[in-house]
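Structure record follows, encoded as structure tokens.
The values are calculated or read from the model by the stated rules, or taken from the named source; none is laboratory data. Keep in mind the model is a prediction, meaning the values are calculated, not measured. Here the Cβ is made from the backbone with ideal geometry for all residues, glycine too, and neighbour counts use every protein chain on show. The protein model used for the area step is the full one, side chains on, heavy atoms only, and it has no ligands, DNA or RNA in it. Shrake-Rupley method; radii C 1.70, N 1.55, O 1.52, S 1.80 Å.
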Amino acid sequence: HRHLLGIKGLSPADIELLLDRADAAVAISRQSEKKRNTLRGRTQINLFYEASTRTQSSFELAGKRLGADVMNMSVASSSAKKGETLLDTAITLNAMRPDILVIRHSAAGAAALLAQKVTCSVVNAGDGAHEHPTQALLDALTIRREKGRIGGLVIAICGDILHSRVARSNIILLNALGARVRVIAPSTLLPSGIERMGAESFTSMAEGLKGADVVMMLRLQRERMAGSFVPSTREYFRFFGLDAEKLKAAKEDALVMHPGPMNRGIEIASDVADGPRSVIQEQVEMGVAVRMAVMEALLDPRRNEDAA
Ligand code: CP
């Protein structure tokens with residue numbers, strides 16, 4: 001593959017290979033000397049049209065730890081503000097001969113569109129409500145390291161499924177690796193046809209969390225709710241917020257996950273987010289390793305030249 005545009009299109013073997021590579025990369029970040037030379041001389045441009053804390057900083061650190069030259073395009077002060085289109089911006093940056101372009105954009109399909117227009121590798125760092133492939137990979141790595149496997153686990157994804165690229169990428173990946181995926185949300189935040197994607201749907205936390213091995217909480221994406229139903233936060237927390245009481249329905253050793261950013265007291269109680277079952281900080285750590293693995297795999301000179 002030349003690009004990583006989504007989890008869709010990756011085979012289970014592709015996914016396992018990336019997870020194995022990422023597993024090996026974890027050790028690099030745990031050493032005091034964190035530098036490798038595998039991407040020395042390569043240029044990475046991060047182009048984020050939407051806000052990000054975790055994804056942008058971990059892509060930057062991942063590139064730097066592999067020895068690449070990393071540039072963060074500051075979209076807020078770029079000529080995008082003067083009306084330059086996404087495509088013109090990307091074609092302009094492409095003329096500077098980067099090796100990899102990491103893009104986050106509010107439009108579904110933005111990364112795939114760029115991939116057709118530029119000569120470098122493109123990595124999707126989140127495109128609208130479509131996909132966030134490196135998030136699903138880091139979630140899978142976290143689960144695999146904690147539980148030793150993914151196949152056969154019951155994984156409940158809870159919250160704003162309708163607007164969530166994280167949910168979509170996770171449902172595709174977890175199904176590919178043989179997990180049993182459930183989604184739990186108010187009916188207004190459940191996309192139609194979710195069963196066809198391979199997820200069993202629930203509108204009750206008590207039912208959906210029963211016997212779960214992993215509980216993955218999602219943020220209410222108010223920025224994508226213009227003109228549609230916006231639940232009140234107090235009601236939402238009462239019925240769909242993860243607190244210690246609701247968590248009792250899951251297995252005793254269930255993992256609690258959240259991709260971030262968290263809204264404490266809305267989708268998750270602080271004591272659960274910071275509690276002994278939470279692996280939220282491990283997810284962040286795995287984010288750097290997964291992004292190292294993805295960029296190494298895409299830029300590996302021995303790689304298959306087929307475009308993704
Ligand atoms: N999980 C995630 O994508 O976080 P950021 O929006 O902070 O990058």
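See the values below:
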quantity	calculated
Any pair with Cβ under 7 angstrom, 6 or more apart, that starts in the stretch 37-52 at a residue that is part of a loop (DSSP other than H, G, I, E, B) and hydrophobic (A, V, I, L, M, F, W, C) and ends at one that is at pLDDT below 95 and open to solvent by less than 40 Å² (accessible area, probe 1.4 Å)	L39/L299
Qualifying residue in the stretch 93-111 (condition: within 19 Å of the chain's Cα centre (by Cα), assigned to a loop (DSSP other than H, G, I, E, B) and at positive phi)	yes
Subset of the stretch 267-288 (residues that are of a type in the set (A, V, I, L, M, F, W, C) and away from the ligand (no atom under 16 Å from the Cβ))	A269, V272
Residue match in the stretch 129-136 (condition: open to solvent by 10 Å² or more (accessible area, probe 1.4 Å), away from the ligand (no atom under 15 Å from the Cβ) and either among the aliphatic types (A, V, I, L, M) or in a helix (DSSP H, G or I) (or both))	no
Cβ pairs under 9 Å, 6+ apart, first in the stretch 12-28 and closer than 15 Å to A136 by Cα, second at pLDDT below 95	D14/H1
Scan of the stretch 54-113 for residues that are under 23 Å from E223 (Cα atoms), free of Cβ contacts under 8 Å to residues at least 12 places away in the same chain and small (G, A, S), ordered by number	S57, S74, A76, S77, S78, G83
Within the stretch 142-177, tally of residues that are open to solvent by 40 Å² or more (accessible area, probe 1.4 Å), over 21 Å from R104 (Cβ atoms) and assigned to a loop (DSSP other than H, G, I, E, B)	3
Residue, least open to solvent (accessible area, probe 1.4 Å), within the stretch 72-88, restricted to residues that are over 18 Å from A51 (Cα atoms) and in a helix (DSSP H, G or I)	L87
The stretch 102-124, residues that are within 16 Å of the ligand (Cβ to nearest atom), open to solvent by less than 10 Å² (accessible area, probe 1.4 Å) and either out of contact with any helix residue (DSSP H, G or I) (no Cβ under 9 Å at 6 or more places or on another chain) or of a type in the set (G, A, S) (or both)	A110, A111
Filter result for E60 (acidic (D, E) and surrounded by 19 or more Cβ atoms within 10 Å (Cβ to Cβ))	yes
Tally, over the stretch 32-61, of residues that are under 23 Å from the mean Cα position of the chain (by Cα), more than 12 Å from the ligand (Cβ to nearest atom) and among the β-branched types (V, I, T)	2
The stretch 53-69: number of residues that are assigned to a loop (DSSP other than H, G, I, E, B) and small (G, A, S)	2
Residue list for the stretch 270-286, filter: surrounded by fewer than 22 Cβ atoms within 10 Å (Cβ to Cβ), touching a strand residue (DSSP E or B) at 6+ places or on another chain (Cβ under 8 Å) and more than 14 Å from R219 (Cβ to Cβ)	S270, G275, R277, S278, V279
Number of the condition not met by V256 [criteria: (1) under 19 Å from P186 (Cα atoms); (2) surrounded by 19 or more Cβ atoms within 10 Å (Cβ to Cβ); (3) within 20 Å of the chain's Cα centre (by Cα); (4) not aromatic (F, W, Y)]	(1)
The stretch 183-200, subset in contact (Cβ under 8 Å) with a residue 40 or more places away in the chain and in a strand (DSSP E or B), residue surrounded by the fewest Cβ atoms within 10 Å (Cβ to Cβ)	A199
